[in-house]
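Novice: Pasting in a structure now, in structure tokens, and then I'll have a few things to ask.
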Amino acid sequence: MTSGPIFPEETASSPVVLGTDGLRTWHGSCHCGRVRFEVDTVLDRVAICNCSICSRRNAVMHRVSAERFRLIQGRGALTFYEFATHTAKHWFCGTCGIYTFHRPRVAPDCYTVNVFCLEGVDRDLVAGLEVQRFDGRSFPA
């Protein structure tokens, strides 16, 4: 039984941080721009999951701890979807429909972001990253 979605709270934007270890702030948004978020991370790998929802949306994702995720605007524009165990919360923009991020079932205290929502990320950049394959299809329903 779920108590309903736990919406991320909106917070102030942070300046871009470039660290010697590759840590930086990535700015992300949905297609229409109503949902905006930031993640502080080293974007050195992405994940592809074979579960039913990730396969259908062709998701290429990157996970960060909750402390490294900030929803900047659009809390009211977010809609969520959950299924099976109702542990994962899949967030998308209710206006343009773009999947922006989710709270994964295997790590519900983290955020997994759609890397193609991040400014400056394109297929060429992703092609040069390590790809981790996740077998979500094997999880019990």
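Novice: For the range 92-110, how many residues are touching a residue at least 60 places away in the same chain (Cβ under 8 Å), closer than 17 Å to residue 32 by Cα and crowded, with 21+ Cβ neighbours inside 10 Å?
Specialist: Residues in the range 92-110 being touching a residue at least 60 places away in the same chain (Cβ under 8 Å), closer than 17 Å to residue 32 by Cα and crowded, with 21+ Cβ neighbours inside 10 Å: 4 in total.
Novice: Hand me the list of strands (runs of 3 or more DSSP E) wholly inside the range 82-141 holding 1 or more residues that are of a type in the set (S, T, N, Q), modelled with pLDDT of 85 or more and in contact with a Ser or Thr (Cβ under 8 Å, 6 or more places away or on another chain).
Specialist: 99-103, 110-114
Novice: What number of residues in the range 29-69 are at pLDDT 90 or above and of a type in the set (Ser, Thr, Tyr)?
Specialist: Number satisfying all stated conditions: 3.
Novice: Only residues that are touching a residue at least 60 places away in the same chain (Cβ under 8 Å), out of contact with any Asp or Glu (no Cβ under 8 Å at 6 or more places or on another chain) and among the basic types (Lys, Arg): list them for the range 18-69, please.
Specialist: 34
Novice: So, one more: Can you confirm whether the range 12-23 contains a residue that is at pLDDT 90 or above, surrounded by 13 or more Cβ atoms within 10 Å (Cβ to Cβ) and more than 12 Å from the chain's Cα centre (by Cα)?
Specialist: yes
Novice: Suppose we filter the range 39-69 for residues that are surrounded by 13 or more Cβ atoms within 10 Å (Cβ to Cβ), of a type outside the set (A, V, I, L, M) and in a loop (DSSP other than H, G, I, E, B); how many remain?
Specialist: 1
Novice: Still on this structure, I have one more. Does residue 72 fit the bill of being outside any loop (DSSP other than H, G, I, E, B), within 20 Å of residue 98 (Cβ to Cβ), among the hydrophobic types (A, V, I, L, M, F, W, C) and modelled with pLDDT under 95?
Specialist: no
The values are calculated or read from the model by the stated rules, or taken from the named source; none is laboratory data. Everything quoted here is computed from the prediction, not taken from an experiment. We place every Cβ from the backbone using ideal geometry, glycine too, and count neighbours over all the protein chains shown.
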